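Trainee: Before I ask anything, let me first share the structure, which is written out below as structure tokens.
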Amino acid sequence: MLSRRVDHFVESVIRDMTRLSIKHNAINLAQGFPDFPAPPELKRAAASAIMDDYNQYSITWGAKDLRDEISRKASEYNHIEADPESEITVTCGATEAMMASMLAIINEGDEVVVFEPFYENYGPDAAVSGAIPRLVPLNEDNSIDEEALSSAFNKKTRALILNTPNNPCGKVFTKRELKLIADLCIEHDVTVVTDEIYEYILYDNKKHVSIGSLDGMGDRTITISGFSKTYSVTGWRIGYALAEKNLTSAIRKVHDFLTVGAPAPLQHACASALRFPDSYYEELAKMYDGKRKLLYNALIKAGFKCMMPEGAYYILADIPEGIDMDDMAFARYMVSEVGVAAVPGSSFFRSEAGKHKLRFTFSKKDETLMEAARRLEGLSI
Ligand code: GLN
């Protein structure tokens, strides 16, 4: 007998596509992880941490040097003041931070407002924590349907999940939009759980605003980020959650019994990452901007319809006209016949809208993207 809890979700389609991609020897533009090396100074810091014997458990909610650095970074970059002793929890990736946060604040039957399209994980996060998702579709141009948003709130609403910059659609929420969300959350006494893992990957002078920094939001926001995307170390599994101390103490309890702690030597290395100069972040965004344009042009040339993302490293594209397959069938065709793996759009939607879309990542070497572009040309011939 299995639990009803696990009946409510399937295994990750993103990771399934990675396995299919390996099987067909395709180019993996499905799962968002870099195929290029991590920063050498960061790798050296991790190797030294192991040699220097940072090899036993760290404090369950995170090594002190890392929490101190996160606190400083949160103050300078996110304009959020978080006490390292009582308001920061280091987790096994933003993924664990998200699940631990949901388990810490949700009671069975509580409603959670989620914008659609949404990152795949939020479905299982809701299912495991017992939340009922209330989906609010973004408009075609990714703007907020204010009417739909305000009518999603009711007495049962406990939390709102936000993700900016957004995976999969690349939207970067503006300060005005965040203010609108904040006002509704204050009015209805709702907690925001915000996933800001792509906070440094922004284009065209877009600015990252953390909703937790807005007036009245400090005590009702759990701000989640991590090292995977900013420092190209998705396999290290180091993330964190910032929240006021009562929320943090609940998150820490869940985290403690889920994982005990994140890998100690890697936490030590991540503390040094937070001391990188500003130029590191400028270079990162510039590098991804070039990759964004490369993939965008290749997709347009192959007949896809898509928008340039404002942030993160994905493009959510409409399947070319004249292709008579839904997203699942077309993704399978692409991986086996074209040799390019993408994620079926339905992973990010509960509505039918996803059935006409695929998501591609451009977190890959230019040469990988160029080879994908060459293979995609075959589609329009
Ligand atoms: N966040 C990445 C993506 O959306 C990786 C997903 C995962 O496997 N955790 O592709």
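The values are calculated or read from the model by the stated rules, or taken from the named source; none is laboratory data. Predicted model, so just to flag it, every value in this text is computed and none were measured. A quick note on method: Cβ atoms are made from the backbone with ideal geometry, for glycine too, and the neighbour counts reach across all protein chains shown. With ligands, DNA and RNA removed, areas are computed over all heavy atoms of the protein, side chains included. Shrake-Rupley method; radii C 1.70, N 1.55, O 1.52, S 1.80 Å.
Trainee: Given points 7 Å out from each Cα along the Cα-Cβ axis, report the ILE59 to ASP326 separation in nanometres with one decimal.
Mentor: Reported label-point gap for ILE59 and ASP326 is 5.1 nm.
Trainee: Oh, and also: Which of the aspartates and glutamates could be linked to LYS155 by a straight reach, that is with a Cα gap under 13 Å, when you skip same-chain ones fewer than 8 residues away?
Mentor: ASP110, GLU111, GLU187, ASP189
Trainee: Now a separate question. Determine the per residue accessible area of region 27-77 with all protein chains present and a 1.4 angstrom probe, expressed in square angstrom. Walk me through the numbers on the way to the answer.
Mentor: Details: 2730 Å² over 51 residues.
It amounts to 54 Å² per residue over region 27-77.
Trainee: Of all beta bridges DSSP finds with both residues in the chain, what is the antiparallel percent, to the nearest 5?
Mentor: On the way: 18 of 39 bridges.
Around 45 percent of the beta bridges assigned by DSSP in the chain are antiparallel ones.
Trainee: Based on alpha-carbon centroids, what's the gap between region 283-304 and region 224-241 in Å, whole number please?
Mentor: A separation of 23 Å, based on Cα centres.
Trainee: In the chain, with Lys and Arg counted as +1 and Asp and Glu as -1 at Cβ, which of these residues, VAL190, GLY378, ILE222, has the Cα nearest the positive end of the dipole, that is, farthest along it?
Mentor: GLY378
Trainee: Pull out a ≥ b ≥ c, the square roots of the eigenvalues of the alpha-carbon gyration tensor of region 61-120, then state rounded if a/c is under 1.5, prolate if not and a/b is larger than b/c, and oblate in the remaining case. Kindly include the intermediate steps, with their values, before the conclusion.
Mentor: Numbers: a/c = 2.25, a/b = 1.80, b/c = 1.25.
Here region 61-120 falls in the prolate category.
Trainee: Nearest 500 deg cm²/dmol is fine: what mean residue ellipticity at 222 nm does the chain get from its DSSP H runs of n ≥ 4 alone, each adding -39,500 (n - 2.57), divided by its residue count? Don't skip to the end; give the middle numbers.
Mentor: On the way: 13 runs with 148 residues, N = 381.
Helices in the chain give a 222 nm mean residue ellipticity of -12000 deg cm²/dmol.
Trainee: Determine the sum of side-chain charges near GLU367: Lys and Arg each +1, Asp and Glu each -1, restricted to other residues whose C-beta is under 12 angstrom from that of GLU367.
Mentor: Values: positive: LYS291, LYS364, LYS365, ARG374; negative: ASP35, ASP366, GLU371.
Taking every Cβ under 12 Å from that of GLU367, the sum is +1.
Trainee: Then there's this: Using the Cβ atoms and a cut-off under 9 Å, what net charge is assigned to the surroundings of ASN142, where Lys and Arg are +1 and Asp and Glu are -1? Could you put the intermediate results ahead of the total?
Mentor: Values: positive: LYS171; negative: GLU140, ASP141, GLU310.
Taking every Cβ under 9 Å from that of ASN142, the sum is -2.
Trainee: Quick check: residue separation of ASP366 and MET308 times 0.36 nm, minus the Cα distance between them. What number comes out in nm? Write down the numbers at each step before the final one.
Mentor: Working: separation 58, 0.36 × 58 = 20.88 nm, distance 1.75 nm.
Extending this stretch completely gives an extra 19.1 nm.
Trainee: Can I ask one more? Could you tell me which GluC sites (Glu not before Pro) in region 97-184 are loop residues by DSSP with no more than 11 other beta carbons within 10 angstrom of their beta carbon?
Mentor: Numbers: sites: GLU108, GLU111, GLU120, GLU140, GLU146, GLU147, GLU177; in loops: GLU108, GLU120, GLU140.
Within region 97-184, the qualifying GluC sites (Glu not before Pro) (loop, at most 11 other Cβ atoms within 10 Å) are GLU108, GLU140.
Trainee: To the nearest 0.05, how large is the calculated FRET efficiency for ASN246 and LYS156 if R₀ is 30 Å and r is the Cβ-Cβ distance? Show your work: numbers first, answer last.
Mentor: On the way: r = 21 Å, r/R0 = 0.71.
E(calc), rounded to 0.05, equals 0.90.
Trainee: Another one. Distance between Cα centroids, region 311-381 to region 118-159: provide it in whole Å.
Mentor: Their Cα centres are 25 Å away from one another.
Trainee: Also, quick follow-up: Relative contact order of the chain: what whole-number percent is it, with Cα pairs under 8 angstrom and at least 6 residues apart?
Mentor: 25
Trainee: Moving on. Explain nothing, just the number: dipole magnitude of region 172-254 about its Cα centre with +1 on each Lys and Arg Cβ and -1 on each Asp and Glu Cβ, in debye rounded to the nearest 20. It would help to have the intermediate numbers written out before the result.
Mentor: Numbers: 11 positive and 11 negative charges, 69 e Å.
Taking the Cα centre of region 172-254 as origin, the dipole is about 340 debye.
Trainee: Further question on the same structure: Roughly how many percent of the accessible protein surface of region 159-250 is carbon and sulfur, given a 1.4 Å probe and a whole-percent answer? Show your work: numbers first, answer last.
Mentor: Details: 1300 of 2890 Å².
Carbon-and-sulfur percentage of accessible area, whole number: 45.
Trainee: Distance in nm between label sites at VAL6 and LYS301, each 7 Å beyond Cα in the beta-carbon direction?
Mentor: Here the modelled spin labels are 4.5 nm apart.
Trainee: Right, another one. Note down the net charge around ILE224, summing +1 for each Lys or Arg and -1 for each Asp or Glu among other residues with Cβ under 9 Å from its Cβ. Intermediate values should be presented prior to the final figure.
Mentor: On the way: positive: none; negative: ASP195, GLU196.
Counting the neighbours of ILE224, the net charge comes to -2.
Trainee: How much accessible area per residue does region 147-264 have, counting only protein heavy atoms and a probe of 1.4 Å, in square angstrom?
Mentor: Numbers: 4400 Å² over 118 residues.
Each residue of region 147-264 exposes 37 Å² on average to a 1.4 Å probe.
Trainee: If the cut-off is a Cα-Cα distance under 28 Å, which lysines reach LYS357, setting aside same-chain residues fewer than 8 apart in sequence?
Mentor: LYS23, LYS171, LYS206, LYS207, LYS229, LYS286, LYS291, LYS293, LYS301, LYS305, LYS365
Trainee: What is the extension gain from GLU187 to THR174, computed as 0.36 nm multiplied by their sequence separation minus the C-alpha to C-alpha distance, in nm to one decimal? If you can, show how the numbers build up before the last one.
Mentor: Values: separation 13, 0.36 × 13 = 4.68 nm, distance 2.01 nm.
So the chain would gain 2.7 nm between GLU187 and THR174.
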